[in-house]
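The values are calculated or read from the model by the stated rules, or taken from the named source; none is laboratory data. All values derive from a computational prediction rather than experimental measurement. Note: areas computed on protein heavy atoms with side chains; ligands, DNA, RNA excluded. Shrake-Rupley method; radii C 1.70, N 1.55, O 1.52, S 1.80 Å.
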Amino acid sequence: QVQLVESGGGLVQAGGSLRLSCAASGSIFSMNVPGWYRQAPGKERELVARISSGGSTNYADSVKGRFTISRDSAKNTVTLQMNSLKPEDTAVYYCYAAIVTITNRVPYPYWGQGTQVTVSS
């Protein structure tokens, strides 16, 4: 059974940094375009950043220059380094990946359970 497990959320003051990690477990063949999404209270879930197998990245305009996404394909992990955090970054952050398993070669979407990030002013 495939799972995405996030860690690293918490409470930080504005201007501070946090590092979110996501580890995939199970009979994984590959993770396709893993990324991070976030959802603030009363708002829709939005893409924060994603990274391709070749290392190409996409970022939301609101986090460009402050957040950095990286991945370790051998370990099936994806990390989001968040610097210069702002109160408007407060949200639940979700890890996402379309995963190909050893037994099913069709990519299937998986979400982590979410981790709370709170930035105080």
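When ligands, DNA and RNA are left out and all protein chains stay put, how many square angstrom of accessible area per residue does the chain have with a 1.4 Å probe? Could the numbers behind the result be given before it?
Values: 6470 Å² over 121 residues.
Averaged over the residues of the chain, the accessible area is 53 Å².
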Next item on the list: Sequence neighbours fewer than 8 away in the same chain don't count; with that in mind, list the aspartates and glutamates whose C-alpha is under 19 Å from Lys75.
Entry: Glu6
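Could you check how much of the accessible area of the chain is carbon and sulfur, as a whole percent, using a 1.4 Å probe? Don't skip to the end; give the middle numbers.
Details: 3100 of 6470 Å².
The computed percentage sits at 48.
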Check: Relative to the present Cα-Cα distance, how much length would full extension add between Ser73 and Arg105 at 0.36 nm per residue of separation?
Finding: 9.8 nm
Item checked: Percent RCO, i.e. relative contact order, over segment 46-88, from Cα pairs under 8 Å lying at least 6 residues apart -> 29
